[in-house]
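*Asks:* Pasting in a structure now, in C-alpha cells, and then I'll have a few things to ask.
The numbers here are math on the coordinates, done by the rules we state, and not lab data. This one's a predicted model, so the numbers in the text were calculated from it and none came from an experiment. FYI the Cβ positions are ideal-geometry reconstructions off the backbone, even for glycines, and counts take in every protein chain you see.
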Amino acid sequence: MQALFRSIIAIVIAMCSMHVHAQKLKIFTPEQRNAVGKSHGIVMDFLERYFYELPQQKHTTISRKMADDKVYFRNGSLSDLNQIADTMPLSIKCTYRYYEVEWKSQDKPFVTIVFPAQYDLLLGMQQEEAQRKFKETITAAPHRTIQPFAPQGGKLIADSIYSLKTSYLELESFNDAIYYNKVKTGCQPIFNAAHLDYSVANLFQGLIDKVDYRMYVEQSVYGLKTINYTVSLRQWLDYCAEWGMKVYFGIEEQREDGLLALVIAENREIGFNHMLSVVVPDKIISDMNAVLKVRLTPYIPTHNVKNLFQKESVNRRKIKWQ
C-alpha cells in the first residue's frame, strides 16, 4: 500500500510540475499537429486536456474516472506520458468506434492509449452545451476553396446525365451521389431548374460555386426545446468541409412548390451526425434570395442514427426516394 501511495504521489507531482512549467500538458509537437486533419487535431486536444485535468479530480479516483470514461492504457501508464520524446513514432487510428493512440520506442510500443470515438468525451462538453454552441461552431469554420470538378468514373443514368455514388446510408437511394454532364472541357455539375433534385444534391455536396443562400434553422436542443437562427449555406458547407463530414442526401417529398429533402452529415471519427430536414423552394435556381428552411437535429451519436432515421421515415409522409 505504501508503494502504491508513493507511486500515485509521484504521478501527481510530475503532472503538477508539467503544469507549473507549461501551464498545460503538452504531449504533441506543433509539427505533429500540422500534419493531421481536424478530427485527429481534436483527439490531440482531448488527450492533452484529459490528462492535464485527470489528477485534479476531487470527487473520484484517477482509476475510477478513467474506467468510467473507458480510457485505458494498453501499454505504459500515466507516469510514462512525461517520458514521451518528440522523436518517438506516433500513430493515431480509429477502428470500431474506438481510438488507439500509440508512441513507439525502439520499434516497440511504449505508450498505447485506447478510448471511445465519442463526441462528448472528445469535445469535453455535454450534449446540451455542444448543441447550444453549434451555431458558433458553424460560423467559426474557415472559408473553403472549391476544388476543380473532376470526378473519376460515373454511370450514365439519363440522356447526357452521369452519376457518381460511393456509399449510402440505410437505403441505397439515400446516398452521397453527385450528378454531372460531360462537356468538351471536362465535367460540369448539374445546377438547373430542369433537374432540381440533382441540383440540390450537388448543392449540399458543396459542388456549386458562386452561389449562396440563407438557411433559416430551427434547431433541436436538450430538453425537447428548439432555438432559431440564420446562417448561410456557404457557412454550413465550410463547416462540413473543415470537420470532414460525409454528406448523405435523399428526397423525402416532391411538392408543387419545391422539394423536401433529408440530409445527414456524418463524422465517424468523432462519433456524431447532424440530421437536416430541408424545404427547398423550386425558385432556388433563379432566385439568389431564396431561403432554405431547415429543421436540424445536431450531434446524434453514431450508434443512434439508424433508429432516428427510421423514426424520421415513419413520422413523415411516405418517402418518395429518387
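*Asks:* List the extent of the Cα atoms of region 84-176 along each of their three principal axes, largest first, rounded to whole Å.
*Replies:* Rounded to whole Å, the extents work out to 60, 40, 31 Å.
*Asks:* Helix 38-53 sits at what angle to the longest principal axis of the chain, using alpha carbons and giving 0 to 90 degrees rounded to 10?
*Replies:* 30
*Asks:* With the cut-off at 29 Å, tell me which of the pairs K38/K165; K133/K283; K93/K165 have Cα atoms farther apart than that. Working shown, then result.
*Replies:* Details: K38/K165 25 Å; K133/K283 32 Å; K93/K165 26 Å.
Beyond 29 Å between Cα atoms: K133/K283.
*Asks:* Among the aspartates and glutamates, select those whose C-alpha is under 19 Å from the C-alpha of K26, and discard any that sit fewer than 8 residues away in the same chain.
*Replies:* Within reach: D45, E48, E53, D80, D86, E100, E102.
*Asks:* Now a separate question. Output ³J(HN,Hα) for region 132-147: one whole-Hz value per residue in order, computed from phi by the Karplus curve 6.51 cos²θ - 1.76 cosθ + 1.60 with θ = phi - 60°, and x for Gly and Pro.
*Replies:* 6, 9, 5, 4, 4, 5, 4, 6, 7, 5, x, 5, 9, 9, 6, 6
*Asks:* Moving on to the next point. Based only on other Cβ atoms within 10 Å, what is the fewest-to-most ordering of D287, D282? Present the calculation step by step, with values, prior to reporting the outcome.
*Replies:* Details: D287 11, D282 16.
Placing the least packed residue first, the sequence is D287, D282.
*Asks:* Can you put Y239, Y222 in order, fewest other beta carbons within 10 Å first?
*Replies:* By the 10 Å Cβ count, ascending: Y222, Y239.
*Asks:* Do any trypsin sites (Lys or Arg not before Pro) in region 206-256 lie in a loop, going by DSSP, with at most 12 other beta-carbon atoms within 10 Å of their beta carbon, and if so which? Walk me through the numbers before you get to the answer.
*Replies:* Working: sites: K210, R214, K225, R234, K246, R255; in loops: K210.
In loop regions of region 206-256 (DSSP not H, G, I, E or B), the sparsely surrounded trypsin sites (Lys or Arg not before Pro) are K210.
*Asks:* For region 127-315, what value does the Rg/Rh ratio take when both radii are computed over Cα atoms and Rh is the Kirkwood radius, given to two decimals? Walk me through the numbers on the way to the answer.
*Replies:* On the way: Rg = 16.3 Å, Rh = 17.2 Å.
Here the Rg-to-Rh quotient is 0.95.
*Asks:* Using DSSP loop states and a limit of at most 15 other Cβ atoms within 10 Å to flag GluC sites (Glu not before Pro), what is the longest stretch of the chain containing no flagged site?
*Replies:* On the way: sites that count: E170, E256.
Here the longest run is 1-169.
*Asks:* Reported to two decimal places, what Rg/Rh ratio describes region 165-277 when computed on Cα atoms with Rh from the Kirkwood expression? All intermediate terms of the calculation are to be shown ahead of the outcome.
*Replies:* Values: Rg = 14.9 Å, Rh = 15.4 Å.
Dividing the radius of gyration by the Kirkwood radius yields 0.97.
*Asks:* Using Cα atoms only, what is the angle between the long axis of helix 233-242 and the major principal axis of the chain, expressed in degrees (0 to 90) to the nearest 10?
*Replies:* The angle comes out near 40 degrees.
*Asks:* Which aspartates and glutamates have a Cα less than 16 Å from the Cα of K155, not counting those fewer than 8 places away in the same chain?
*Replies:* Cα-Cα hits under 16 Å: E172, D176.
*Asks:* Over the Cα atoms of the chain, Rg to Rh with Kirkwood Rh, two decimal places?
*Replies:* Details: Rg = 23.4 Å, Rh = 22.3 Å.
On the Cα set of the chain, Rg over Rh gives 1.05.
*Asks:* Taking each pair of different alpha-carbon atoms in region 42-106 once, compute 1/r for the pair, average those values, and report the inverse of that mean as the Kirkwood hydrodynamic radius in Å to one decimal.
*Replies:* So the Kirkwood estimate lands at 13.2 Å.
*Asks:* Sticking with this structure for a sec: Given R₀ = 22 Å, FRET efficiency for A35-T230 by Cβ-Cβ distance, to 0.05?
*Replies:* Efficiency at R0 = 22 Å is approximately 0.05.
*Asks:* Any chance you could give the angle, 0 to 90 degrees and rounded to 10, that helix 305-315 forms with the longest Cα principal axis of the chain?
*Replies:* 30
*Asks:* Which trypsin sites (Lys or Arg not before Pro) in region 67-112 sit in a loop by DSSP (not H, G, I, E or B) and have at most 12 other Cβ atoms within 10 Å of their own Cβ?
*Replies:* Numbers: sites: K70, R74, K93, R97, K104; in loops: K70, R97.
Here the sparse-neighbourhood loop sites are K70.
*Asks:* Taking the Cβ of each residue in F272, F73 as the centre, tally the other Cβ atoms inside 10 Å and list the residues starting with the fewest.
*Replies:* Numbers: F272 26, F73 14.
In order of increasing Cβ crowding within 10 Å: F73, F272.
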